[in-house]
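First the structure, in the form of structure tokens, and then the observations on it.
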Amino acid sequence: MPRFVIQHRHEADDCGVVFAAFRGFTSPLRHAPALASCPCGGHEIWWSVTADDEAAALRLLPHYVAERATATRVEQVDIP
């Protein structure tokens with residue numbers, strides 16, 4: 001199954017809204033670790049997911065979060 005990195009960006013004042021958007025939303029990303037720059041002042045979150053396509057990857061997020069996100073297909077490569 002294809003792998004995607006989802007990148008979500010928001011303003012500092014929107015952190016609470018972003019995290020609250022997951023309440024009541026069924027997703028394997030809920031209650032799972034993610035990389036985030038919010039504690040460091042960057043206000044971006046990244047998830048590594050598997051999905052059929054970009055649209056399916058973004059459907060793993062609540063609408064408010066997904067509309068401010070991009071999903072990029074990635075593959076693991078060996079770095080020489």
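Please treat every number below as a calculation from the coordinates, not as lab data. Every value quoted in this text rests on a predicted model; they were computed, and no experiment measured them. Note that each Cβ is placed from the backbone with ideal geometry, even for glycine, and that neighbours are counted across all protein chains shown.
Below, the figures for the structure above:
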| quantity | calculated |
| --- | --- |
| Net length gained if the chain between Arg59 and Ser27 were fully extended (0.36 nm per residue, minus Cα distance) | 10.6 nm |
| Inter-probe distance in nm under a simple model that places probes 7 Å from Cα toward Cβ, at Glu11 and Arg73 | 3.5 |
| Calculated Cα extents along the principal axes in Å (choose from (1) 40, 28, 20; (2) 78, 33, 24; (3) 37, 20, 19), label | (1) |
| Helix-only CD estimate at 222 nm, as mean residue ellipticity for the chain, using -39500 (n - 2.57) per DSSP H run (n ≥ 4) | -3500 deg cm²/dmol |
| Label-reachable residues, segment 37-57, where backbone N falls under 15 Å from a point 7 Å from Arg3's Cα toward its Cβ | 47-52 |
| Under the Karplus curve 6.51 cos²θ - 1.76 cosθ + 1.60, θ = phi - 60°, whole-Hz ³J(HN,Hα) for segment 11-21, x wherever Gly or Pro sits | 7, 4, 5, 9, 3, x, 5, 4, 5, 5, 4 |
| Under-5 Å amide H pairs with Arg59, H placed in peptide plane, nonlocal only | none |
| Nonlocal amide H pairs with His43, under 5 Å, H built at 1.01 Å | Ser37, Cys38 |
| Estimated dipole of the chain in Debye, rounded to 20 [Cβ of Lys and Arg +1, of Asp and Glu -1, Cα centre] | 240 |
